[in-house]
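Trainee: Pasting a structure below so you can have a look.
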Amino acid sequence: GESVGLHLPTLSVQEGDNSIINCAYSNSASDYFIWYKQESGKGPQFIIDIRSNMDKRQGQRVTVLLNKTVKHLSLQIAATQPGDSAVYFCAESSSYQKVTFGIGTKLQVIP
Amino acid sequence: DGGITQSPKYLFRKEGQNVTLSCEQNLNHDAMYWYRQDPGQGLRLIYYSQIVNDFQKGDIAEGYSVSREKKESFPLTVTSAQKNPTAFYLCASSIDLSTGFSGEQYFGPGTRLTVT
């Protein structure tokens, strides 16, 4: 696969457990946040997004939590599966201007 | 089967040579983007285009050039002026610029460029 996973924070999770991937953002003016998933050898895929007027948003097996006070974003994956193994990026934008991507977290699912 | 394609997947060049990376989409999207991805860093925007025959510099445009002669195509040229060209390059598209900057970008599989 690609070497994009080198030097990244890594989270190892047992199959079936819940995963929590954290992200700190720096721009207090950011009002829109996105999580992407990037599998080895592929481009990123949109997972879920959240606007700053919300604290929580749920999708299928995923939940995004936003804490604006401490500028923290998290992605929770329920019942983690081997297919969830990937690099996960958070991204932020302000007033739908250019998106700024974080460095990513590598999720390894242990069978 | 709609999508966005990049070719080749791996590309090797000697230092001092220009190289062009291909990006094609059949999604009928107006906006297209080029990103660079390095280990330990997030995606960084090189160039983007909102419409045919128009494009804008991103954060790290120096040493790169693009063209947008057709809606479906947005090739990126990595010139010899780019100091550190070895990287993974990702192309993306979106319906329009606002949807793209709201996160709804469709990414290609990427091209890994190695310059020695």
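Conditions (1) open to solvent by less than 20 Å² (accessible area, probe 1.4 Å); (2) more than 16 Å from A:G83 (Cβ to Cβ); (3) part of a strand (DSSP E or B), marked per residue:
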site: A:V13; (1), (2), (3): yes, no, yes
site: A:D17; (1), (2), (3): no, no, no
site: A:S26; (1), (2), (3): no, yes, no
site: A:G43; (1), (2), (3): yes, yes, no
site: A:I47; (1), (2), (3): no, no, yes
site: A:L65; (1), (2), (3): no, yes, yes
site: A:T69; (1), (2), (3): no, yes, no
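Trainee: Here's a follow-up. Among the numbered criteria (1) in contact (Cβ under 8 Å) with a residue 24 or more places away in the chain; (2) open to solvent by less than 70 Å² (accessible area, probe 1.4 Å); (3) more than 10 Å from the chain's Cα centre (by Cα); (4) more than 14 Å from chain B (Cβ to nearest Cβ), which single criterion is violated by A:D31?
Mentor: The failed condition is (4).
Trainee: Can I ask one more? Could you tell me whether the range A:51-63 includes any residue that is in a strand (DSSP E or B), among the polar types (S, T, N, Q), without any contact (Cβ under 8 Å) to a residue 24 or more places away in the chain and out of contact with any Cys (no Cβ under 6 Å at 6 or more places or on another chain)?
Mentor: Yes, the conditions are met somewhere in the range A:51-63.
Trainee: Can you tell me which residues in the range B:23-46 are away from chain A (no Cβ under 11 Å) and open to solvent by 20 Å² or more (accessible area, probe 1.4 Å)?
Mentor: Within the range B:23-46, B:E24, B:N26, B:L27, B:N28, B:D30 qualify.
Trainee: List the number of the failed condition for B:R68; all other conditions in (1) open to solvent by 10 Å² or more (accessible area, probe 1.4 Å); (2) of a type in the set (K, R); (3) at pLDDT 95 or above hold.
Mentor: Just one mismatch for B:R68, condition (1).
Trainee: For B:Q17, indicate whether it is modelled with pLDDT under 95, of a type outside the set (K, R) and part of a strand (DSSP E or B).
Mentor: Taking the combined requirement at face value, the residue does not satisfy it.
Trainee: Quick one: in the range B:65-94, of everything that is among the polar types (S, T, N, Q) and not in a loop (DSSP other than H, G, I, E, B), which residue is nearest to B:W34 (Cα to Cα)? Walk me through it before giving the result.
Mentor: Initially, the range B:65-94 is screened for residues among the polar types (S, T, N, Q), giving B:65, B:67, B:73, B:77, B:79-80, B:82, B:84, B:86, B:93-94.
Then keep just the ones that are not in a loop (DSSP other than H, G, I, E, B); that gives B:65, B:73, B:77, B:93-94.
On the way: B:S65: 10, B:S73: 12, B:T77: 11, B:S93: 9, B:S94: 12 Å.
Across the range B:65-94, the extreme among qualifying residues is B:S93.
Trainee: Something else now. Is it the case that B:E69 is more than 10 Å from chain A (Cβ to nearest Cβ) and either without any contact (Cβ under 8 Å) to a residue 60 or more places away in the chain or under 17 Å from A:S93 (Cα atoms) (or both)?
Mentor: Details: more than 10 Å from chain A (Cβ to nearest Cβ): yes; either without any contact (Cβ under 8 Å) to a residue 60 or more places away in the chain or under 17 Å from A:S93 (Cα atoms) (or both): yes.
Criteria met by B:E69.
Trainee: Select from the range A:87-111 the residues that are within 13 Å of chain B (Cβ to nearest Cβ) and either acidic (D, E) or assigned to a strand (DSSP E or B) (or both) and list them in ascending order. Give the steps one after another, and end with the answer.
Mentor: Initial filter on the range A:87-111 (within 13 Å of chain B (Cβ to nearest Cβ)): A:87-106.
Matches in the range A:87-111: A:V87, A:Y88, A:F89, A:C90, A:A91, A:E92, A:S93, A:T100, A:F101, A:T105, A:K106.
Trainee: Restricting the search to the range B:72-116, which residues are in contact (Cβ under 8 Å) with a residue 40 or more places away in the chain and of a type in the set (G, A, S)?
Mentor: B:S73, B:S80, B:A87, B:A92, B:S93, B:S94, B:G100, B:G108, B:G110
Trainee: Also, quick follow-up: Can you tell me how many residues in the range A:81-97 are farther than 15 Å from A:T10 by Cα and surrounded by 17 or more Cβ atoms within 10 Å (Cβ to Cβ)?
Mentor: Looking only at that region, the number is 3.
Trainee: Tally time: how many residues in the range B:71-116 are over 19 Å from B:V19 (Cβ atoms) and open to solvent by less than 40 Å² (accessible area, probe 1.4 Å)?
Mentor: The number of residues fulfilling the criteria is 11.
The values are calculated or read from the model by the stated rules, or taken from the named source; none is laboratory data. Note that the coordinates shown come from a computational prediction; the quantities given were computed from them, not determined experimentally. Cβ atoms come from the backbone with ideal geometry, glycine included; neighbour counts cover every protein chain shown. Note: accessible area is taken over every heavy atom of the protein model, side chains too, but ligands, DNA and RNA are not part of it. Shrake-Rupley method; radii C 1.70, N 1.55, O 1.52, S 1.80 Å.
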